[in-house]
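Enquirer: What follows is a structure written as structure tokens; I'll ask about it next.
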Amino acid sequence: MVKLAATRLIALHKNKGKSVAACLKSRTDYAQNPDKTQQGELVSSYECSPLTVDEEFMLSKRQYELMTGRRQKSDVIAYQIRQSFKPGEITAEEANKVGYELAMRFTKGKYAFIVATHTDREHIHNHILYNSTALDSTRKFRDFLLSGLAVQRLSDLICLEHQLSVIEIKPYRERQKRTLYPPKESNRDKLCSVIDGILLNEKPLDFEIFLQKLEQEGYEVKRGKHTSVKGARQKRFIRFRTLGAGYSEDEIKAVIAGEVEHRPHQKQPPKEQPFHLLVDIQAKLSEGKSEGYAQWAKCYSLKEMSKTLIFLQENKIGSIEEMQERVNAATARYHELGDFIKAAEQRMAKIAVLRAHIVNYARTRPVYDAYRKAGYSKKFLEEHREQITLHKAAKAAFDEASLKKLPKVKELDTEYSALLSQKKATYPKYRKARDEMQELKKAQKNVELFFAEKKDTKEKSQTR
């Protein structure tokens with residue numbers, strides 16, 4: 001039984017002995033099972049129709065092979081995100097909207113997908129299936145390292161925005177114990193340490209002697225326009241200028257000449273969160289936690305509440321009303337920037353699709369003209385099915401967009417570049433606004449929970 005909102009990212013593979021089309025159909029049919037989705041009422045889609053989603057996914061894969069000349073090496077045909085919610089906390093319709101938002105923000109509108117909300121279990125859950133081929137058919141989805149964790153964090157953020165519960169980080173005593181190893185020192189950090197020792201302790205007379213000292217330490221030196229070195233069991237050379245401030249060739253020469261003082265490189269410790277969410281002690285006790293846990297939770301909550309008060313003082317928040325105003329302002333700012341980025345991404349996705357259709361239309365027009373002159377011959381159609389299908393798809397897209405005159409590809413590229421620049425410039429502001437909103441919401445929740453606990457304690461003492 002699912003207690004809180006949980007997610008899982010799954011790569012869907014081609015089954016042995018089955019075609020890609022058959023596998024896609026079986027997966028999409030299961031997701032859209034009428035008995036699980038209220039006769040299809042709880043199915044939504046993006047850039048595809050739920051009725052023909054498997055065929056549209058296949059068409060994009062064929063178009064990818066035609067446009068790039070590359071064939072798919074792996075057997076991954078699509079990706080699925082499973083998103084489950086706490087029983088009784090959310091309606092099926094809202095769960096579908098949350099799933100749609102998760103899919104849109106995770107894929108950035110570059111991949112077609114469907115969201116099917118199942119209600120056949122005690123907990124409502126979403127099956128999100130998105131194509132492994134992008135809408136513009138020029139690339140595949142890259143399942144990057146820790147992509148599942150990225151989905152989980154994005155889902156948690158969306159759930160918090162919709163005032164839904166998320167899985168909290170467990171206290172230390174509840175965590176699974178495992179061996180902790182010291183962080184591994186990188187090759188660049190080792191090289192910086194060696195350079196620090198040579199410059200501070202051995203005081204070389206010139207740059208050539210400095211390089212000889214490095215060779216004595218076991219480094220291979222490659223002299224030239226940009227001097228670089230390579231340590232034992234290293235695959236690539238490292239240029240001095242890539243080591244950061246104070247380690248370029250000119251800066252090292254200035255230190256040797258006595259013009260400046262060398263300052264060793266210092267690693268910046270990771271930024272710690274100012275405070276965490278308080279523990280809901282009553283809820284934990286109702287789940288069967290012991291009195292010992294309750295005692296620990298009280299101490300933990302008091303420490304986190306003191307950190308929360310420091311945060312409120314630093315941000316000059318002196319009342320509940322003022323906090324609510326700050327939370328509303330931060331949320332509005334976050335959504336404003338998010339909406340701008342979403343609008344830019346949606347427009348970029350449309351431009352990419354339109355550009356692909358324009359290129360396909362121009363490239364396949366001679367074939368389609370020959371097909372028309374041949375009297376729409378079935379034999380000609382079978383010989384040139386791919387080109388004719390692409391031409392028809394492009395023409396249908398133009399008709400749907402009511403385009404009387406096709407835009408120039410150069411103009412579309414210019415607009416796409418401008419939108420991409422604006423989006424990149426907005427992202428740092430968006431992340432800053434997101435962090436500010438999350439901190440304020442955590443502080444607000446901590447204050448509410450703290451006073452609720454205090455009120456319950458006071459009522460119990462009066463009852464006694």
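The values are calculated or read from the model by the stated rules, or taken from the named source; none is laboratory data. In this text, all values refer to a predicted model and were calculated from it rather than measured experimentally. Glycine gets a Cβ as well: all are built from the backbone with ideal geometry, and neighbour counts include every protein chain shown.
Enquirer: Has the range 251-258 got any residue that is part of a loop (DSSP other than H, G, I, E, B), in contact with a helix residue (DSSP H, G or I) (Cβ under 9 Å, 6 or more places away or on another chain) and not hydrophobic (A, V, I, L, M, F, W, C)?
Expert: No - not one qualifying residue is present in the range 251-258.
Enquirer: Which of the residues belonging to the range 221-241 are free of Cβ contacts under 8 Å to residues at least 12 places away in the same chain and either loosely packed, with under 14 Cβ neighbours inside 10 Å or at positive phi (or both)?
Expert: Gly224, Lys225, Arg233, Lys235, Arg236, listed by residue number.
Enquirer: What tally of residues in the range 401-451 results from selecting those that are of a type outside the set (A, V, I, L, M, F, W, C) and more than 27 Å from the chain's Cα centre (by Cα)?
Expert: Summing the residues that are of a type outside the set (A, V, I, L, M, F, W, C) and more than 27 Å from the chain's Cα centre (by Cα) in the range 401-451 gives 9.
Enquirer: Only one of these conditions is not met by Ala283: (1) in contact (Cβ under 8 Å) with a residue 60 or more places away in the chain; (2) loosely packed, with under 11 Cβ neighbours inside 10 Å; (3) of a type in the set (A, V, I, L, M). Which number is it?
Expert: Here Ala283 clears every test but (1).
Enquirer: Suppose we keep only residues that are polar (S, T, N, Q) and crowded, with 18+ Cβ neighbours inside 10 Å within the range 12-43. Which one would you say is nearest to Asp75 (Cα to Cα)?
Expert: Going through the qualifying residues, I end up with Thr28.
Enquirer: Among the residues of the range 65-84, how many are under 18 Å from Gly148 (Cβ atoms) and not aliphatic (A, V, I, L, M)?
Expert: Going through the range 65-84 one residue at a time, the tally reaches 6.
Enquirer: Sticking with this structure for a sec: Within the range 135-161, can you find the residues that are part of a loop (DSSP other than H, G, I, E, B) and either more than 28 Å from Arg71 (Cα to Cα) or under 16 Å from the mean Cα position of the chain (by Cα) (or both)?
Expert: Phe141, Arg142, Asp143, Phe144, Leu145, Leu146
Enquirer: Okay, next question. Could you check, for the range 1-21, whether at least one of its residues is assigned to a loop (DSSP other than H, G, I, E, B), within 30 Å of Leu145 (Cβ to Cβ) and among the β-branched types (Val, Ile, Thr)?
Expert: The answer is yes, given that some residue of the range 1-21 is assigned to a loop (DSSP other than H, G, I, E, B), within 30 Å of Leu145 (Cβ to Cβ) and among the β-branched types (Val, Ile, Thr).
Enquirer: Looking at this structure, is Tyr79 in contact with a strand residue (DSSP E or B) (Cβ under 9 Å, 6 or more places away or on another chain), closer than 17 Å to Gln346 by Cα and either of a type in the set (D, E, K, R) or in a strand (DSSP E or B) (or both)?
Expert: Against the criterion (in contact with a strand residue (DSSP E or B) (Cβ under 9 Å, 6 or more places away or on another chain), closer than 17 Å to Gln346 by Cα and either of a type in the set (D, E, K, R) or in a strand (DSSP E or B) (or both)), Tyr79 does not qualify.
Enquirer: Now for a separate question. Filter the range 29-56 down to the residues that are touching a Leu at 6+ places or on another chain (Cβ under 8 Å) and in contact (Cβ under 8 Å) with a residue 40 or more places away in the chain, then identify the one that is nearest to Thr138 (Cα to Cα).
Expert: In this case the residue turns out to be Glu47.
Enquirer: Which of the residues belonging to the range 336-359 are without any contact (Cβ under 8 Å) to a residue 40 or more places away in the chain and not acidic (Asp, Glu)?
Expert: Those that are without any contact (Cβ under 8 Å) to a residue 40 or more places away in the chain and not acidic (Asp, Glu): Ala343, Lys350.
Enquirer: For the range 298-343, what are the residues that are closer than 30 Å to Thr107 by Cα and either surrounded by 16 or more Cβ atoms within 10 Å (Cβ to Cβ) or at pLDDT below 90 (or both)?
Expert: Scanning the range 298-343 gives Val327, Ala330, Thr331, Arg333, Tyr334, Leu337, Gly338, Ile341, Lys342.
Enquirer: Would you mind finding the one in Ser60, Ser49 that is at pLDDT 90 or above, among the polar types (S, T, N, Q), loosely packed, with under 13 Cβ neighbours inside 10 Å and within 20 Å of Ile114 (Cα to Cα)?
Expert: One residue alone meets the criteria, Ser49.
Enquirer: Of (1) buried (at least 16 other Cβ atoms within 10 Å of the Cβ); (2) at pLDDT 90 or above, Ala397 satisfies all except one. Which?
Expert: (2)
Enquirer: Can you confirm whether His262 is outside any helix (DSSP H, G or I), of a type outside the set (Gly, Ala, Ser) and surrounded by 14 or more Cβ atoms within 10 Å (Cβ to Cβ)?
Expert: Considered against the rule, which asks whether it is outside any helix (DSSP H, G or I), of a type outside the set (Gly, Ala, Ser) and surrounded by 14 or more Cβ atoms within 10 Å (Cβ to Cβ), His262 comes out as yes.
Let's see how each residue does on (1) touching a Lys or Arg at 6+ places or on another chain (Cβ under 9 Å); (2) buried (at least 17 other Cβ atoms within 10 Å of the Cβ):
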position	(1), (2)
Ile90	no, yes
Glu94	no, no
Tyr100	no, yes
His123	yes, yes
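Enquirer: Does the range 138-159 contain at least one residue that is surrounded by 18 or more Cβ atoms within 10 Å (Cβ to Cβ), in contact with a His (Cβ under 7 Å, 6 or more places away or on another chain), closer than 23 Å to Lys445 by Cβ and at pLDDT 90 or above?
Expert: There is no residue in the range 138-159 that is surrounded by 18 or more Cβ atoms within 10 Å (Cβ to Cβ), in contact with a His (Cβ under 7 Å, 6 or more places away or on another chain), closer than 23 Å to Lys445 by Cβ and at pLDDT 90 or above.
Enquirer: Ok, one more. Which of the residues belonging to the range 57-78 are of a type outside the set (Val, Ile, Thr), touching a residue at least 24 places away in the same chain (Cβ under 8 Å) and touching a helix residue (DSSP H, G or I) at 6+ places or on another chain (Cβ under 9 Å)?
Expert: Phe57, Met58, Leu59, Lys61, Arg62, Gln63, Leu66, Met67, Gln72, Asp75, Ala78
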